[in-house]
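Here the structure comes first, spelled out in structure tokens, and everything after it is commentary.
The values are calculated or read from the model by the stated rules, or taken from the named source; none is laboratory data. Values in this document were obtained by computation on a predicted structure and should not be read as measured data. So basically every Cβ, Gly included, is an ideal-geometry build from the backbone, and we count neighbours across all protein chains shown. The protein model used for the area step is the full one, side chains on, heavy atoms only, and it has no ligands, DNA or RNA in it. Shrake-Rupley method; radii C 1.70, N 1.55, O 1.52, S 1.80 Å.
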Amino acid sequence: MERDLKFNFSIEKENKTIYVQSEFAANLATVWKAWTTAEILDQWWAPKPYKAETKYLDFSIGGYWLYAMVSPENERHWCKANYKSITFQHSFSYADAFTDEHGIVTAEFPGSNWTVTFHDRDEQTLVDIVIVHDSSTDLEKTLEMGFKEGFTAGLKNLDIVLKNENCNL
């Protein structure tokens, strides 16, 4: 009998912070690879019916991930993650922003700072995500854009990818 995997999504408005905990039925090395490899990120990051398409990924301190969230009508919404710190198979942090297709930040939508931490639980991995916004207004706008629903759907996509024996993890 498979046990229920942990999932929590909470918001602390006074700290302008979103906290997400998600447990996955895969070992740490596999989950780490799913969060740090373009071909695998493209399989799960966007909530369906959207898909993610990586234009560039350099997973290193000072490197970045430039990707588009692509709608069913082929509309592209560009984002960029600038990696600030990486501790292999433990954690990484990055500044996240909406951009144009060249990675130039747009002021139209709010950015945020992410810290993603991985905890080995034998054949399961707990991922803690802390997302800090510059202002309460930015936090509210992010939530109004459907972040909770979209990110939760993306994490469910990751569950499916991790269960797929052909996902080349």
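Per-residue Karplus couplings for region 97-102, computed as 6.51 cos²θ - 1.76 cosθ + 1.60 with θ equal to phi - 60°, are listed in order as 8, 7, 9, 8, 5, 9 Hz, Gly and Pro entered as x. When +1 charges are put on Lys and Arg Cβ atoms and -1 charges on Asp and Glu Cβ atoms, the dipole computed for region 20-86 relative to its Cα centre reaches about 140 debye.
Each principal axis of the Cα cloud of region 1-68 was evaluated for its coordinate range; sorted largest first, these ranges are 40, 35, 30 Å. Farthest toward the positive end of the dipole of the chain, out of Cys79, Thr115, Ile131, is the Cα of Thr115, where the dipole comes from beta carbon charges about the Cα centre.
DSSP loop (so not H, G, I, E, B), at most 12 other Cβ within 10 Å: list which GluC sites (Glu not before Pro) in region 19-83 pass both filters. Walk me through the numbers before you get to the answer.
Working: sites: Glu23, Glu39, Glu53, Glu73, Glu75; in loops: Glu73, Glu75.
When the GluC sites (Glu not before Pro) of region 19-83 are filtered for loop state and at most 12 Cβ neighbours within 10 Å, Glu73, Glu75 remain.
In a fully extended conformation the segment linking Asn164 and Gln21 would gain 49.3 nm over its present Cα-Cα distance, using 0.36 nm per residue.
Taking the Cα centre of region 73-169 as origin and assigning +1 to Lys and Arg Cβ atoms and -1 to Asp and Glu Cβ atoms, the resulting dipole is close to 200 debye.
Taking amide H as placed 1.01 Å from N in the peptide plane, Lys6 has its amide H under 5 Å from the amide H of Glu23, each at least 5 places away in sequence or on another chain.
Got a sec? Which residues in region 3-22 would a label at Val105 touch, if it sits 7 Å along Cα→Cβ and we count backbone N under 19 Å? It comes to 16-18, nothing else. Surface analysis of region 4-133 yields an accessible area of 49 Å² per residue, using protein heavy atoms and a 1.4 Å probe.
For region 1-108, the fraction of 1.4 Å probe accessible surface lying on carbon and sulfur atoms is 50 percent. Among the trypsin sites (Lys or Arg not before Pro) within region 1-106, those in coil by DSSP and having at most 15 neighbouring Cβ atoms inside 10 Å are Arg3, Lys6. Note on the chain: with charges restricted to the Cβ of Lys and Arg (+1) and Asp and Glu (-1), its dipole about the Cα centre is near 120 debye.
Could you calculate, for region 123-168, the ratio of the Cα radius of gyration to the Kirkwood radius, expressed as Rg to Rh? Don't skip to the end; give the middle numbers.
Details: Rg = 14.4 Å, Rh = 12.8 Å.
Over the Cα atoms of region 123-168, Rg/Rh equals 1.12.
Applying 0.36 nm per residue to the separation of Ser135 and Thr117 and subtracting their alpha-carbon distance, the gain on full extension is 4.2 nm. Restriction of the chymotrypsin sites (Phe, Trp or Tyr not before Pro) in region 1-93 to DSSP coil positions whose beta-carbon has at most 11 other beta-carbons within 10 angstrom yields Phe88. Karplus-based coupling profile of region 63-69, in residue order and whole Hz: x, 8, 10, 10, 8, 10, 8, with θ = phi - 60° in 6.51 cos²θ - 1.76 cosθ + 1.60 and x standing for Gly or Pro.
Counting every Cα pair in region 1-135, what percent are over 24 Å apart?
Numbers: 2918 of 9045 pairs.
Within region 1-135, distances greater than 24 Å cover 32 percent of Cα pairs.
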